[in-house]
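Asker: Starting off with a structure, shown below.
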Amino acid sequence: MTAGELLPVVVVAVLALWMFGAYNRLVALRHAIHTAWGHIDEQLRRRGDALPRLVQALRAPLVAEARALDAVVEAHAQAQAAAERVARKPTAPDALPAFARGDAALSSAIERLLALVDQQPALREHDDVAALLRELHDADLRIAFARTAFNDAVDAYNAAIAQFPTRLLGPLYGFAAAARW
């Protein structure tokens, strides 16, 4: 085989190796997004475990505020359903915005509930309520940390699919930009 015959074979081999490497890199970056969402999901579950217990602990002392308590329960159910859709496919373009809206509604309901608790300082001093409030606060801090890691993973993935020449492979293999939270 002469050098002239060998050159096209080498070019095709190098191109094929690059395509395999680029594809594997994109798969690894997409997997990092799924892993990062898994950490968020774990913390959402932790918060989700604390919320019903907190609402139950506050039912009797805040009987006049049943609507606020019910709003937390309802918002939690909606946010949890949206989080489950994201957990199935974190890179789906419509899943994360729906979750973000549900989580914002839940955060708003929790803020209203905490404002009611703040109006009655004796509630904050009750052991069960204080422990649940700490648990809720810790979960929110962990969610914020996991959210940062998730957004970092999304940024790395989106940068990789936007860069040339990998940009040419993205549509070919079904890689599309992921949404940040």
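Asker: On a full-extension model of 0.36 nm per residue, what is the gain between Y173 and E42, subtracting their alpha-carbon distance, rounded to one decimal in nm?
Answerer: Using 0.36 nm per residue and subtracting the Cα-Cα distance, I get 44.2 nm.
Asker: Another one. Could you work out what % of the accessible surface of the range 1-129 is carbon and sulfur, using a 1.4 angstrom probe and leaving DNA, RNA and ligands out of the count? It would help to have the intermediate numbers written out before the result.
Answerer: On the way: 4610 of 7680 Å².
Carbon-and-sulfur percentage of accessible area, whole number: 60.
Asker: Among H126, H137, H34, determine the one that fluctuates most according to a GNM of the chain built with springs between C-alpha atoms less than 10 Å apart.
Answerer: H126
Asker: A follow-up question, please. Between M1 and D152, what is the FRET efficiency for a Förster distance of 45 Å, r being their Cβ-Cβ separation, to the nearest 0.05?
Answerer: E(calc), rounded to 0.05, equals 0.40.
Asker: Given a 1.4 Å probe, how much area per residue of the chain is accessible, in Å²?
Answerer: 58
Asker: Compare A122, A83, A68 in a GNM of the chain, Cα atoms joined below 10 Å, and give the one with the largest fluctuation.
Answerer: A122
Asker: For a quick check, take a GNM of the chain with Cα springs below 10 Å and name the residue from D138, D152, D118 with the largest mean-square fluctuation.
Answerer: For the chain, modelled as a Gaussian network with Cα springs under 10 Å, the answer is D118.
Asker: Shifting gears a bit: For the chain, find the longest principal axis of its Cα atoms and tell me its angle to the long axis of helix 95-118, 0 to 90°, nearest 10.
Answerer: The answer is roughly 20 degrees.
Asker: For the range 73-89, take each phi angle, set θ = phi - 60°, evaluate the Karplus expression 6.51 cos²θ - 1.76 cosθ + 1.60, and give the result in whole Hz per residue in order, putting x for glycine and proline.
Answerer: Result, ordered by residue: 4, 5, 5, 5, 4, 5, 5, 5, 5, 5, 5, 5, 5, 5, 4, 5, 7 Hz.
Asker: I've got another one for you. Put +1 on the Cβ of every Lys and Arg and -1 on every Asp and Glu Cβ in the chain; which of Q43, A64, N158 then has its Cα farthest towards the positive end of the dipole?
Answerer: After comparing all options, I get N158.
Asker: Work out the charge dipole of the range 1-157 with +1 on the Cβ of Lys and Arg and -1 on the Cβ of Asp and Glu about the Cα centre, then indicate which of V11, L136, Y23 is farthest towards its positive end.
Answerer: So the residue furthest toward the plus end is V11.
Asker: Another question about this same structure. What dipole magnitude, in Debye to the nearest 20, does the chain give about its Cα centre under +1 on Lys/Arg Cβ and -1 on Asp/Glu Cβ?
Answerer: Values: 19 positive and 20 negative charges, 95 e Å.
Roughly 460 debye for the chain.
Asker: Once you place label points 7 Å from the Cα toward the Cβ at V73 and R134, how far apart are they in nm?
Answerer: Once both label points are built, they end up 2.7 nm from each other.
Asker: Shifting gears a bit: To the nearest 500 deg cm²/dmol, what mean residue ellipticity at 222 nm is calculated for the chain from DSSP H runs of n ≥ 4 alone, each contributing -39,500 (n - 2.57), summed and divided by the residues?
Answerer: Helix contribution divided over all residues of the chain: -30000 deg cm²/dmol.
The values are calculated or read from the model by the stated rules, or taken from the named source; none is laboratory data. Keep in mind it's a predicted model, so treat the numbers as computed, not measured. All Cβ positions, even for glycine, are placed from backbone atoms using ideal geometry, and neighbour counts span all protein chains on display. Just the protein is used for accessible areas: all its heavy atoms, side chains included, with ligands, DNA and RNA removed. Shrake-Rupley method; radii C 1.70, N 1.55, O 1.52, S 1.80 Å.
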